[in-house]
Amino acid sequence: MTPPTQWQRFALGLVIGGSCGWLASRLGMPLPWMLGAMLGNVVAALLGLPIAGSVKARLAVIPIIGVMLGSGFHPGLISQVPAWSFTLLMLVPYIAVAAVCTNLLYRRIGRYDPVTSFFCAMPGGLNEMLILGVEAGGDARKIALAHGSRVFLVITFVVFFYGTMLDMQATGGGRPSTGLAELSPQDWLILGGCAVIGAWAGPKLRLPAGPMLGPMILSAVTHLTGIVETAPPTVLVNGAQVVIGTLIGSRFAGSKLGEIARDLGLGVLSALGMIAIAVGFAQTVAAVTGQSLAGVFLAFSPGGLTEMSLLAFAIGQDIAYVSIAHISRIVFIIFATPFVWRGMASRRRP
């Protein structure tokens, strides 16, 4: 029998993700379309079903998320930026504390080699840390699994933290739904242009998470200036979340639970540690600035930029505040990590 092609495996993952996302939404599950698709595909992967991700599909839907996140910006936003300075300042010690504690975990308990443990511990994006870690000689599988499981676990823990501790449900009801017919032809043209042009320009300008950040910046400009006031249709945003959840879950494809149990166990410990550190910093920032703990905690949560921004959207928090905090964290880590690692490596040489 001919084995399924990459696209057939991805199609199966989408069917599983869409079905589980729909079921999760019917059950009132937090962040249903992404978390439901993610959990469904994790189970499918561990059961050995032939599922796979698709880089092309991610590139196709990420601009939609970028445009949606940009729609969270509004004309009165500029006056709020000075109030965010303390948050951005506290990101540096937060990154340092989280990285040092997690690095000790992977070195002392996991017995990872110095390169792999360092790049597993940095709270940056999966793709960026994987590229930098492999170039430095780290174990690609362990780095990918560490960051993939961290994002998965952080999303799950953060969502249920909001539901149990803060009594806020990330069901998507935090913001009004936008129907396809609510956008005028001009809205479609402008938002579509933000997606297409931004997805092309972001990587060209070497922006972090360029395919998403480019559309987000253009969308933010059009919403800040009042050119457009509406968000992308909810059905497109939900579909994009299904794709993202499917991609995260499919990273476990080909893995056996017994083989990865130890690495997943370390991922659980590191995720819990980072969340605890994030809660501590978030409480400090919220106490000093007077901002809501819900929004500050999302800004410090060690998940992905896309996923944490989607959570902000789902529960009605300030998307701009959360997004800018995560963009700042990613930019700092991308630029600082190579220099920190070189300094550590030079001290180890005889």
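The values are calculated or read from the model by the stated rules, or taken from the named source; none is laboratory data. Only a predicted model underlies this, so the values are computations on that prediction, with no experimental measurement involved. A quick note on method: Cβ atoms are made from the backbone with ideal geometry, for glycine too, and the neighbour counts reach across all protein chains shown.
Side notes on the structure shown:
- Within region 45-66, the set of residues being closer than 15 Å to residue 243 by Cβ and buried (at least 17 other Cβ atoms within 10 Å of the Cβ) comprises 51, 52, 53, 54, 57, 58, 61, 62, 63, 64, 65, 66.
- Any hit, region 169-180, residues being under 19 Å from the mean Cα position of the chain (by Cα), crowded, with 19+ Cβ neighbours inside 10 Å and at pLDDT 65 or above: no
- Any hit, region 40-55, residues being of a type in the set (A, V, I, L, M), more than 20 Å from residue 212 (Cβ to Cβ) and under 18 Å from the mean Cα position of the chain (by Cα): yes
- Of all residues in region 297-350 being among the polar types (S, T, N, Q) and closer than 24 Å to residue 276 by Cβ, the one that is modelled with the lowest pLDDT: 306
- In summary, helices (runs of 4 or more DSSP H) completely within region 39-138 and bearing 1 or more residues that are aromatic (Phe, Trp, Tyr) and touching a helix residue (DSSP H, G or I) at 6+ places or on another chain (Cβ under 6 Å) occur at 85-104, 114-121.
- Among the residues of region 17-38, those that are crowded, with 18+ Cβ neighbours inside 10 Å and in a helix (DSSP H, G or I) comprise 17, 18, 20, 21, 24, 32, 33, 34, 35, 36, 37, 38.
- Any hit, region 56-72, residues being free of Cβ contacts under 8 Å to residues at least 24 places away in the same chain and within 25 Å of residue 226 (Cα to Cα): no
- Where a residue in region 256-275 is over 17 Å from residue 122 (Cβ atoms) and its partner, wherever it lies, is of a type outside the set (Asp, Glu) and not in a helix (DSSP H, G or I), with Cβ under 8 Å and at least six apart: 260/252; 262/110
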